[in-house]
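Chemist: Below you'll find the structure I mean.
The values are calculated or read from the model by the stated rules, or taken from the named source; none is laboratory data. Bear in mind that the values here come from a model prediction, so they are computed numbers and not experimental data. Backbone-built Cβ (ideal geometry, glycine too); neighbour counts: all protein chains shown.
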Amino acid sequence: MQSDLIIKENELIDPENYPEEQRGLVEDFNARIRRLMGIITGIGKEYHTIWVINANTKKMYLYRSTGENTNRYAVELGIRFDNYDRFIGEYVDRCVVNSIENIQRDVKLDVVFSRIKDGDTFSLDYMRLADDGNMSYHQMAFALAGEPGETDNFILAFRDIDNSIRKHIANKRYLREQLDIVETLSRDYYNIFKINPRTGEVVILKLDGYVTKGMEGAGDKVYSYDVLYKQYVKDRVYSEDQDWMYEAISLGTVKNKLTDNSEYVSSYRVMDNGEVHYYQFTYILINANIPNSDVLAGFKNVDDIVASAKERQNLEILASTDIMTGILNRGSGERKVIDAMANDKAGMFCIMDVDNFKDTNDDYGHNVGDKVLRGIANVLKLTFRDEDIIFRLGGDEYAVYIMDLGDEESGTAVMDRVFKEIAKIDIPELDGKDICVSAGAVFFKEGDKRSFEELYKLADMGVYESKKSDGSTLKFCP
């Protein structure tokens, strides 16, 4: 390791030792070193191991390693292979024990620089295999080693966040499940909060994106949900979406949405430096089996998801689309049904729930579960007409509003066709296991004064009754 290249404060150059015409260059050099020192000092307060890397040569220099919570193998690896590509590949293969393919993608040099080129910090959370063979929750962070456009160096820093994460998870029985949820959100969401729906108290678990006024970084400090909710909408959300957003993420709405579902997702627009960007929020119950379970909330920019799209106008579609399945998301689907009802358009509203979906995930893995979800969505897209409204409610639930359908005989015929197509879904990993759904339906007639919430509850009662029968089943509610 070339220790003489490690940057230290006392290694700044004295301008007095140079001719007067060169002193400006010397002072500029010192200013750049001080900026780098400031960035490293800030990161050094939390991160135990820090590397400085040249993006052009990919050469790594160990700036700091405190020893506390440091993986000795990782330090030795960086000294032995002082090329970033070689180091990071070996590190992920040896030390990372979850979501390896996603992390391998995210630590590539071009991906890292796309995240930090404007001066932002980019972090990844993961489960790390330590020297003693134990696993702990860990984080690596990337930042430019200087001002944007003025440096070819960047920083890679490591820290152990196991204690801070576990501190906010009181129920040890569900520790693994909850860590999995945080980990899943952390791959994509810049800001993650833990919310107590009973008290409205909020703890910040991750804050890499926009910082709402009145909030600080991740830590133990407890905030009121109003600080997150009202201030964020006022300062950040696009004016045309603010009224909807105030209602959409109010604590009452979130609790209602999570009463029957473990996940609540929708999209909205943000105004940033005069430009409109598309964002997504996700609220997830930490434990769906416990009443009033704590909730994790994630907020992220989804512009990147369609960065390769030919036209930016595709973002309009994204704002209303469920990313997993390609059909409408819950927020946009519900709004379309409510609009149809307001315009007195009669139809049949139907909710479908995949039978034993948790068992599918547990037995075959989440990748297979995702194939099931996408397969059912494809059946719905092919079966129903363009004027019908199909959308994903979240998790393993779907809904459809079938226009101009008003009797049980016709409704049964349509849903039988759906059931038969679902039975044909071919997923080799399931080894022939049948895919079945339970469905509940209710009719909306012209002149009907019932609200969407009433329609939803009745259809959901039908789902509950269908669950009592084997195979794909439909029950109507009056």
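Chemist: Taking the stretch 224-251 on its own, how many of its residues are buried (at least 19 other Cβ atoms within 10 Å of the Cβ) and either in a strand (DSSP E or B) or not assigned by TED's automatic domain parsing to the domain that holds residue 293 (or both)?
Modeler: Number satisfying all stated conditions: 1.
Chemist: Anything in the stretch 224-266 that is of a type outside the set (Gly, Ala, Ser), closer than 14 Å to residue 292 by Cα and without any contact (Cβ under 8 Å) to a residue 24 or more places away in the chain? List them, or say none. It would help to see each step written out before you state the result.
Modeler: Taking the stretch 224-266 and keeping what is of a type outside the set (Gly, Ala, Ser), we get 225-238, 240-247, 249, 251, 253-261, 263-265.
Next, only the ones that are closer than 14 Å to residue 292 by Cα stay: 251, 253-261, 263.
Within the stretch 224-266, 253, 256, 259 qualify.
Chemist: How about the stretch 228-259: which of its residues are among the hydroxyl-bearing types (Ser, Thr, Tyr), closer than 18 Å to residue 275 by Cα and more than 19 Å from the chain's Cα centre (by Cα)?
Modeler: Of the stretch 228-259, the ones among the hydroxyl-bearing types (Ser, Thr, Tyr) are 229, 232, 238-239, 246, 250, 253, 259.
Remaining after also requiring closer than 18 Å to residue 275 by Cα: 232, 238-239.
238, 239, listed by residue number.
Chemist: Something else now. Take residue 254 and decide whether it is touching a Phe, Trp or Tyr at 6+ places or on another chain (Cβ under 7 Å) and modelled with pLDDT of 85 or more. Spell out how you get there, then give the answer.
Modeler: Numbers: touching a Phe, Trp or Tyr at 6+ places or on another chain (Cβ under 7 Å): yes; modelled with pLDDT of 85 or more: yes.
Here the answer is yes, as residue 254 does meet what is asked.
Chemist: Which of (1) crowded, with 18+ Cβ neighbours inside 10 Å; (2) at pLDDT below 80 does residue 64 not meet, given it meets every other one?
Modeler: (1)
Chemist: Ok, one more. So which of 98, 163 ends up being farther than 19 Å from residue 54 by Cβ, part of a helix (DSSP H, G or I) and modelled with pLDDT under 80?
Modeler: Working: 98 fails: part of a helix (DSSP H, G or I).
Step by step, each of 98, 163 is checked, and only 163 is farther than 19 Å from residue 54 by Cβ, part of a helix (DSSP H, G or I) and modelled with pLDDT under 80.
Chemist: With respect to residue 452, is the statement that it is among the aromatic types (Phe, Trp, Tyr) and touching a Gly at 6+ places or on another chain (Cβ under 8 Å) true?
Modeler: Criteria not met by residue 452.
Chemist: Another one. Taking the conditions exactly as written (touching a Pro at 6+ places or on another chain (Cβ under 8 Å), β-branched (Val, Ile, Thr) and either crowded, with 16+ Cβ neighbours inside 10 Å or assigned by TED's automatic domain parsing to the domain that holds residue 353 (or both)), does residue 254 satisfy them or not? Break it down stepwise before answering.
Modeler: Numbers: touching a Pro at 6+ places or on another chain (Cβ under 8 Å): yes; β-branched (Val, Ile, Thr): yes; either crowded, with 16+ Cβ neighbours inside 10 Å or assigned by TED's automatic domain parsing to the domain that holds residue 353 (or both): yes.
Judged against the criteria, residue 254 is a match.
Chemist: For the stretch 112-132, does any single residue satisfy the condition of being part of a strand (DSSP E or B), modelled with pLDDT under 85, surrounded by fewer than 19 Cβ atoms within 10 Å (Cβ to Cβ) and more than 19 Å from the chain's Cα centre (by Cα)?
Modeler: Checked against the condition, which is being part of a strand (DSSP E or B), modelled with pLDDT under 85, surrounded by fewer than 19 Cβ atoms within 10 Å (Cβ to Cβ) and more than 19 Å from the chain's Cα centre (by Cα), the stretch 112-132 yields at least one hit.
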